[in-house]
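Nothing in this text is a laboratory measurement; each read-out follows from the coordinates by a stated rule. Just so it is clear, the structure is predicted and the values come from calculations on it, not from any experiment. Counting neighbours? That spans all protein chains shown, and the Cβs are built from the backbone with ideal geometry, glycine included.
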Amino acid sequence: MLLAALLLSGCSAVKLAYNNAPELGYWWLDGYLDFTSAQSSRVRSDLATLQSWHRQQELPLYVATLEKLQGMAVANVNSGQLCDMTDEMRSRLQALLDRAEPTVLAVSPTLTPAQLTHLTQQFEKRAEKWREEWLGGTAQERRERRFKQLLDRVETFYGRQDKAQRALLQSAMVDSIFDAEMTHREVLRRQQDTLQTLRRVQGSKRDEPGVRLEMRGLIERALTSPDPDYRNYASRLQLETCSTLATLHNNSTAEQRQHLMETLKDYEDDARSLMTNPR
């Protein structure tokens with residue numbers, strides 16, 4: 001929950017996003033699945049419980065990570081260090097998914113054919129929107145969109161980038177191995193995998209061993225694609241991203257690194273506040 005807030009919001013919005021995460025999460029899920037009354041009651045209750053666990057058990061780990069990042073901010077870094085931080089965040093996501101497993105096992109078998117039809121329609125809309133954003137226009141236009149998005153993220157943490165730094169980022173976009181077509185195929189694979197798995201467990205009892213195996217398998221395939229070509233591509237893209245960010249950091253000024261440290265400290269303060277003060 002906090003990771004999403006860090007990635008999608010400015011510091012001033014972290015508390016608001018985190019404190020409202022159960023309600024926001026419910027409405028996001030309901031948009032895909034159109035919950036029944038009984039399902040709504042279970043999901044709302046479980047999301048509140050999940051947040052309580054996350055606040056007590058996970059936020060201290062986020063604080064430790066933010067402290068580590070502040071220590072790294074003052075010196076040059078290498079791509080291996082940044083990829084290690086990515087793996088650390090991945091482990092936090094896995095912990096969250098493991099904690100949410102009882103809810104998944106309870107709700108998934110109760111989904112009706114009408115709900116799965118609704119989910120199919122929502123998936124199709126999402127895939128079309130993704131295709132328009134990342135596959136529409138010329139290659140130059142797509143690179144420019146990626147550049148603007150990454151520049152916005154970089155400047156959130158470091159402050160304004162100068163001409164040379166922007167040129168460095170643009171060069172990285174030109175040389176990137178990013179493949180929108182391959183990514184889109186993986187998006188469609190995950191959607192079909194989700195629908196097929198949910199259809200297989202439809203009407204089952206939550207405590208049936210087959211349901212647990214099916215849902216765990218689905219989550220594992222979402223985190224690690226069964227497609228070897230995509231796995232290889234994703235691994236190379238992660239290394240490339242870590243290398244690009246390391247280069248950007250190592251070319252930042254003392255003032256920009258100070259800006260980074262202050263931003264990270266603000267996030268840390270917010271996380272500490274959320275640990276002790278729910279509002």
Inset, instruction - Can you bin segment 152-205 into rounded, prolate or oblate? Criterion: square roots of the alpha carbon gyration tensor eigenvalues sorted a ≥ b ≥ c, rounded for a/c under 1.5, prolate for a/b above b/c, oblate for the rest. - result: oblate
Legend entry - Cβ-based net charge around L151, under 13 Å, with every Lys or Arg adding one and every Asp or Glu removing one: +4
Legend entry - Spin-label pair D207/K163, simplified geometry with 7 Å Cα→Cβ offset, distance in nm: 7.1
Inset, instruction - Round to a whole angstrom and tell me the spacing of the C-alpha centers of segment 75-109 and segment 196-221. - result: 21
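Any chance you could run the full-extension gain for S40 through R145? It's 0.36 nm times the residue separation minus the Cα-Cα distance, nm to one decimal.
34.0 nm
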Inset, instruction - Would you mind checking the radius of gyration and Dmax of segment 2-276 based on alpha-carbon positions, in Å? - result: 20.5, 60
Legend entry - Förster-model FRET efficiency, 25 Å R0, L237 and Y32, C-beta, rounded to 0.05: 0.40
Inset, instruction - Enter the angle in degrees (range 0 to 90, nearest 10) between the Cα long axis of helix 163-175 and the first principal axis of the Cα atoms of the chain, meaning the one along which they spread out most. - result: 50
Legend entry - Spacing of the two label points (7 Å from each Cα toward its C-beta) at T253 and R153, in nm: 2.4
Legend entry - Anchor K163: lysines whose Cα lies under 26 Å away (excluding residues fewer than 8 positions away in-chain): K148
Legend entry - Principal-axis tilt of helix 37-53 within the chain, Cα atoms, nearest 10 degrees: 40
Legend entry - Sequence of E23, E214 once ranked by neighbouring C-beta atoms within 10 Å, starting from the fewest: E23, E214
Inset, instruction - Place a +1 charge on the Cβ of each Lys and Arg in the chain and a -1 charge on the Cβ of each Asp and Glu, then give the dipole magnitude about the Cα centre in debye, rounded to the nearest 20. - result: 340
Inset, instruction - Would you mind checking segment 161-192 for residues with the amide N under 16 Å from a putative spin-label position 7 Å along Cα→C-beta of L116? - result: 191-192
Inset, instruction - Give the cross-link partners of K265 among the lysines, using a straight C-alpha distance below 20 Å as the criterion and excluding same-chain residues fewer than 8 apart. - result: K15, K68
